[in-house]
Amino acid sequence: MILAGVLLVAAAAMAEDTKPVNPPPAPEAKEAAPAASVAPDAKAPGAPPAAPAPTGEAPKAAATPAAGPAKTYTGKVVNAATKAPIEGAPVTLGDKMVRTDQGGNFTIEGTGDKLRVRAVGCNRVDVPLAELGGPNPEISLKSLKVKGLYLSTYGAASPKIRNAALEVLERNNMNALVIDVKGDRGFIPFKVDIPLAEEVGAQKIILNKDYPQFIKNLKDRNIYLIARVVVFKDDPLAAAKPQWAVKTQGGAIFRDRERLRWADAFHKETWNYNIAVAKAAAEVGFDEIQFDYVRLPDNRGVVFPEPSNIANRTKVITGFLEAAYKALIPYNVFVAADVFGYVPWNEGDTGIGQQIVPITKAMDIVSLMVYPSGYHLGIPKYRNPVQHPYEIVYQTQKIAQERTKASPLQFRPWLQAFRDYAFGGGDFTEERMKIQIKAADDSGASGWLFWNAGNKYPTGVFYTGNGDKIKPAPAASPKPAPTPVEAKDAGAQDQGGKSPTEGGTK
């Protein structure tokens with residue numbers, strides 16, 4: 001049930017963007033939604049317009065359809081443990097995609113050399129056509145619960161910060177990392193073949209010279225990798241292309257509370273750029289593409305090429321997600337969107353173009369940002385959200401499910417692992433993290449993610465559940481003692497060649 005009071009106040013509360021970067025007095029906080037364990041026979045949610053089907057191995061590049069006439073293939077997708085049929089699983093052949101019916105059955109016509117299959121709450125597989133066997137083969141998917149931490153561009157590049165995060169994953173039976181591919185400042189940390197990225201300065205700082213190997217090293221440890229793509233908050237793009245920037249009513253280029261410029265979602269050039277970045281992430285081996293800041297600025301003083309009303313704002317944001325989803329079909333990756341935690345409570349678009357029903361239909365996964373600190377006015381019966389983290393996470397997750405009629409597995413929340421900045425509520429460390437995890441699990445979600453802008457996570461244990469775990473780091477082979485000359489050179493390198501990212505995160 002949606003209370004009128006919440007509907008009226010939630011838009012104001014949403015004025016804060018719930019992913020703070022060293023939160024200022026009025027920080028932008030990214031909200032997240034709860035997640036839950038995956039039932040073995042859980043069914044995938046209803047079909048978005050078109051989404052890629054992740055495989056168990058890191059995807060290289062989009063499959064190029066084989067030459068020759070299109071052929072028709074049939075089969076059945078089932079849960080590997082229970083043999084229960086999986087409904088709504090995307091099945092891809094080349095650039096064509098269909099979804100399984102209630103009995104897990106599919107029929108697809110196209111060209112290519114493999115079928116690519118995935119389902120929310122399960123893994124993704126590539127099946128060579130030559131190995132299908134029989135006229136109606138059975139394709140099995142394993143249940144997968146995604147339990148992850150966020151790493152910024154600099155955090156992922158820093159051995160110290162990255163290794164600390166990996167230790168947290170091992171200690172807490174977790175299996176996933178969310179890594180910035182295009183972060184809050186618009187930079188892309190590895191070389192991509194996108195001329196516009198070079199033109200606008202997004203490639204000025206290349207933090208990793210061999211990104212494919214970096215990804216492979218993580219995949220070898222059984223880590224599920226999510227590429228975070230910050231979409232319309234893009235200072236380099238808006239600065240280099242002012243004609244595509246969000247403007248104020250006076251005609252100046254808009255800047256947010258961090259003094260950063262935004263690209264205008266009403267210009268399709270901004271869509272194409274972000275879709276190109278998402279494709280680059282899929283090609284390098286990520287399992288999932290997660291779009292963040294996929295919204296309009298939360299500021300009433302901005303103007304757009306079209307009238308700023310609910311219909312137009314919703315159309316442009318949902319339209320981008322649908323276009324991105326379709327473009328990523330050949331890559332077999334899951335596609336997700338980060339959505340404000342108040343959005344499911346509002347029947348409008350919260351003034352930013354986000355409506356829960358169309359977004360859920362457009363995506364594989366919706367990650368509600370259910371950080372208690374982001375709920376400045378609370379929810380009905382719970383006006384101090386940091387004192388009630390379980391209720392905030394659980395009830396937001398459930399109202400999203402009720403309004404969309406989608407599977408609980410389609411919702412995987414962002415949870416709070418940073419100090420409260422709104423209610424004087426102190427740190428969100430092990431105990432409060434456990435509470436949020438329980439709420440997410442109780443809601444039936446397909447996993448959960450923890451956000452900390454500085455990538456500083458607790459050193460204790462906050463999760464002891466089972467599921468896919470990362471593999472231990474390979475033992476380092478002992479190095480031979482250096483000769484005096486080698487030792488001198490090594491010392492000189494340490495003095496003058498230290499990575500600028502070693503000092504910390506943005």
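Compared with the alpha-carbon gap, the fully stretched path from Thr248 to Glu198 is longer by 15.3 nm at 0.36 nm per residue.
Only the Cβ atoms of Lys and Arg (+1) and of Asp and Glu (-1) were treated as charged; on that basis the dipole of the stretch 304-421 about its Cα centre amounts to roughly 160 debye.
For the stretch 352-360, backbone phi angles converted through the Karplus equation (6.51, -1.76, 1.60; θ = phi - 60°) give residue-by-residue couplings of 10, x, 9, 10, 5, 5, x, 5, 5 Hz, Gly and Pro being listed as x.
Taking 0.36 nm per residue of sequence separation and removing the Cα-Cα distance, the Glu138/Asn105 pair yields an extension gain of 11.0 nm. Over all directions, the projected convex hull of the C-alpha atoms in the stretch 75-198 averages 10.8 nm² in area. I'd like the GluC sites (Glu not before Pro) in the stretch 256-331 restricted to DSSP loop residues with at most 10 other Cβ atoms within 10 Å, sorted by number. Here no GluC sites (Glu not before Pro) fit, given the DSSP loop and packing criteria. All distinct Cα pairs of the stretch 317-370 go into the 1/r average, and the inverse of that average, the Kirkwood radius, is 11.5 Å. Subtracting the Cα-Cα distance of Glu431 and Lys381 from 0.36 nm times their residue separation leaves 15.7 nm of extension gain.
Per residue, the convex hull spanned by the Cα atoms of the stretch 137-288 amounts to 154 cubic angstrom.
Separation of the alpha carbons by more than 28 angstrom is noted, of Lys405/Lys438; Lys83/Lys405; Lys204/Lys361; Lys315/Lys398; Lys114/Lys315; Lys241/Lys315, for Lys204/Lys361; Lys114/Lys315. Restricting the calculation to Cα atoms, the stretch 83-140 shows an Rg/Rh of 0.92 when the hydrodynamic-style radius is the Kirkwood one.
Between Lys471 and Ala81, the simple label model (points 7 Å from Cα in the Cβ direction) yields a spacing of 2.2 nm. By DSSP, the beta bridges lying fully in the stretch 123-267 are antiparallel in about 30 percent of cases. Note on Lys191 and Ile205: their simple-model spin labels are 2.0 nm apart, each label 7 Å out from Cα toward Cβ.
Label separation (Asn222 vs Glu167): 2.2 nm, computed from points 7 Å beyond Cα along the C-beta direction.
Could the peptides 466-473, 291-298 be put in order, highest first, of the mean number of other beta-carbon atoms found within 10 Å of their residues?
So the order, starting with the most tightly packed, is 291-298, 466-473.
Put the Cα centre of the stretch 416-451 next to the Cα centre of the stretch 71-104 and the gap is 35 Å.
Every number here is computed from the coordinates shown, using simple stated rules; none is lab data. Quick caveat, the model's predicted, so the values are computed rather than measured. Cβ sites come from the backbone with ideal geometry, for glycine too, and all protein chains shown count toward neighbours.
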